[in-house]
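A short worksheet on the structure shown next.
The values are calculated or read from the model by the stated rules, or taken from the named source; none is laboratory data. Please read all numbers here as calculations on a predicted model, not as lab measurements. Virtual Cβ from ideal backbone geometry, glycine too; neighbours counted across all protein chains shown. The protein model used for the area step is the full one, side chains on, heavy atoms only, and it has no ligands, DNA or RNA in it. Shrake-Rupley method; radii C 1.70, N 1.55, O 1.52, S 1.80 Å.
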Amino acid sequence: MVVMMMMMIDLYIIDGWVELKWGNGWEFVSLFSVIIHVLVSVSYAQNFNVMNFGAKGDGKTDDSQAFSKAWAATCGASSSLKELVIPPGKAFLLKPMKFSGPCKSRILISIEGYLMAPFKGPEWGEEKKKWLVFQGIHDLIIKGSNKIDGRGSDWWKSCNNTDNCMRPTALSFEDSSKLHVSGLTHINSAKNHISIHNCVDVHLEDLHIYAPHDSPNTDGIDISESRNIEIVDTFIGTGDDCVALNSGCYNITITHMTCGPGHGISIGSLGKNGEDAKVEGIHVKSSTLNASDNGLRIKTWQGGKGYARNISFEDVTFIKVANPIVIDQYYCPHKRCNEQSSAVQISDVSYIGARGTTRTSEAIILNCSKTVGCNNITLDGINISAVDNKAVSATCINAQGSWLNSKPPINCLK
Ligand SMILES: *[C@@H]1O[C@H](CO)[C@@H](O)[C@H](O)[C@H]1NC(C)=O
Ligand SMILES: *[C@@H]1O[C@H](CO)[C@@H](O)[C@H](O)[C@H]1NC(C)=O
Ligand SMILES: *[C@@H]1O[C@H](CO)[C@@H](O)[C@H](O)[C@H]1NC(C)=O
Ligand SMILES: *[C@@H]1O[C@H](CO)[C@@H](O)[C@H](O)[C@H]1NC(C)=O
Ligand SMILES: *[C@@H]1O[C@H](CO)[C@@H](O)[C@H](O)[C@H]1NC(C)=O
Ligand SMILES: *[C@@H]1O[C@H](CO)[C@@H](O)[C@H](O)[C@H]1NC(C)=O
Ligand SMILES: *[C@@H]1O[C@H](CO)[C@@H](O)[C@H](O)[C@H]1NC(C)=O
């Protein structure tokens, strides 16, 4: 009887909320079976604490084996709520490692302890591209209140001003769906802090990402080949882009980001080595760029193909930003580029409500491909002045679109 009743009921436990859905059965009887089901679910809720798998948490011992075992147990268990616990008050040294799916059901990882990478040295073995990798997982929540420390300073010194220096990305999310990452502080990655590649339905919230302003290539969040991503309430200040949205990005919304120091919020770089880039549906809202080199930048290399379109920037504040609004279709950071005629086509880009200060005279630069050009660029409600109150300018090359209410005026936009 009870078993029959339970079949009519689906019970979901979502972040501590209990959500009930029942058919048209008798509610009185349903209530009993719900209570039984809750008891059963609770007894099935399992915690896997890394300390029970041999982790030391002393900041010196390599705990990656213990984490791998704890992950295997968590991922393989079939209870309805599974939690991998990384306890507070301890520091865990982890060699490069992978948390792979698919898992039997959804997983919560609680990062309450301090996670640290080995310093540059033999501990990295052959693996120098990635530190912690989450791959092939559906329905993963990572919550924390502590820090993830990439300890990248030795890599920065040896990789400064070299184009191709192999060093690890701190956190990589690959081939995964339904990810929710929140609450963490993430510092000093050797290279980019977070990479998201080939993922769907990702929510990043309340993340703090910091590295020194002169640490090379320490992007905050890099995204490629992924869609339906929300980034909410984040603070990012590093030596490179706060966010870089690369080819294959679709439907990405960034809200309430505070970015700086660093190179700003970037779309691209796109079209390197003839790449056929596709970027569409990018929306940046209610964000602040503070003392960054660029503010809102779209950057493409000469010789690329494809498009970047349906992009909006709305309600943005600039504080002492060097170049607040930039489209650069001649991106070439190492100054070794040949003149090429093809380019990623940029269109349908709007800047609505963007105000504040610049530390140069170049408030707006729309430097579009001489051969391809940009289409339908719209600006409204722009108010950018120089820190020293000198005149500021807007320059355009081959940019087509319209503007209203702008200081400086954008007479170059046709
Ligand atoms: C990298 O080089 C630049 C320019 O030479 C310098 O300003 C910066 O401080 C260096 N960064 C590091 C981390 O050594
Ligand atoms: C865009 O992504 C959000 C989640 O971030 C989702 O709710 C929405 O349906 C998506 N829109 C489209 C057009 O795919
Ligand atoms: C722009 O992108 C969003 C998804 O981010 C989508 O909902 C919307 O329909 C797109 N608009 C156009 C004109 O394609
Ligand atoms: C901008 O950055 C400066 C220097 O880090 C800081 O003192 C200031 O509070 C920041 N302003 C805002 C509005 O975040
Ligand atoms: C546009 O890019 C070209 C090629 O890099 C450069 O020579 C030119 O100065 C740029 N124009 C502006 C207005 O930035
Ligand atoms: C121009 O871009 C805006 C969004 O920025 C879009 O709503 C509008 O439909 C586009 N106009 C044309 C003619 O494509
Ligand atoms: C532009 O910003 C300045 C400084 O904040 C302010 O005094 C001025 O009223 C603003 N202009 C418009 C048109 O909003």
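Quick one: in region 46-95, of everything that is in contact with a Leu (Cβ under 9 Å, 6 or more places away or on another chain) and in a helix (DSSP H, G or I), which residue is nearest to Asp149 (Cα to Cα)?
If we take residues in region 46-95 being in contact with a Leu (Cβ under 9 Å, 6 or more places away or on another chain) and in a helix (DSSP H, G or I), then Ser64 is nearest to Asp149 (Cα to Cα).
Take the residues of region 294-333 that are under 27 Å from Gly274 (Cα atoms) and among the polar types (S, T, N, Q): which is farthest from ligand 6 (Cβ to nearest atom)?
This residue is Gln302.
What are the residues in region 281-298 that are part of a loop (DSSP other than H, G, I, E, B) and either surrounded by 23 or more Cβ atoms within 10 Å (Cβ to Cβ) or among the basic types (Lys, Arg) (or both), if any?
If the condition is that a residue be part of a loop (DSSP other than H, G, I, E, B) and either surrounded by 23 or more Cβ atoms within 10 Å (Cβ to Cβ) or among the basic types (Lys, Arg) (or both), then Ser292 is the only one that fits.
Out of (1) part of a strand (DSSP E or B); (2) buried (at least 19 other Cβ atoms within 10 Å of the Cβ), what's the single condition that is false for Ile410?
Here Ile410 clears every test but (1).
Looking for something modelled with pLDDT of 85 or more, in contact with a Cys (Cβ under 8 Å, 6 or more places away or on another chain) and either open to solvent by 40 Å² or more (accessible area, probe 1.4 Å) or not basic (Lys, Arg) (or both) - is there at least one such residue anywhere in region 78-100?
yes
How about region 121-144: which of its residues are part of a loop (DSSP other than H, G, I, E, B) and at pLDDT below 95?
First, pick out the residues of region 121-144 that are part of a loop (DSSP other than H, G, I, E, B): 121, 125-129, 136-137.
Selection gives Gly121, Gly125, Glu126, Glu127, Lys128, Lys129.
Can you pull out the residues in region 256-280 that are part of a strand (DSSP E or B), within 16 Å of ligand 4 (Cβ to nearest atom) and open to solvent by 30 Å² or more (accessible area, probe 1.4 Å)?
Across region 256-280, the qualifying residues are His256, Thr258.
From Asn383, Asn375, Asn405, Asn323, which residue is modelled with pLDDT of 95 or more, more than 31 Å from the chain's Cα centre (by Cα) and among the polar types (S, T, N, Q)?
After applying the criteria, what remains is Asn405.
Would you mention how many residues in region 339-383 are open to solvent by 10 Å² or more (accessible area, probe 1.4 Å), within 16 Å of ligand 4 (Cβ to nearest atom) and assigned to a strand (DSSP E or B)?
Adding up the residues that qualify gives 3.
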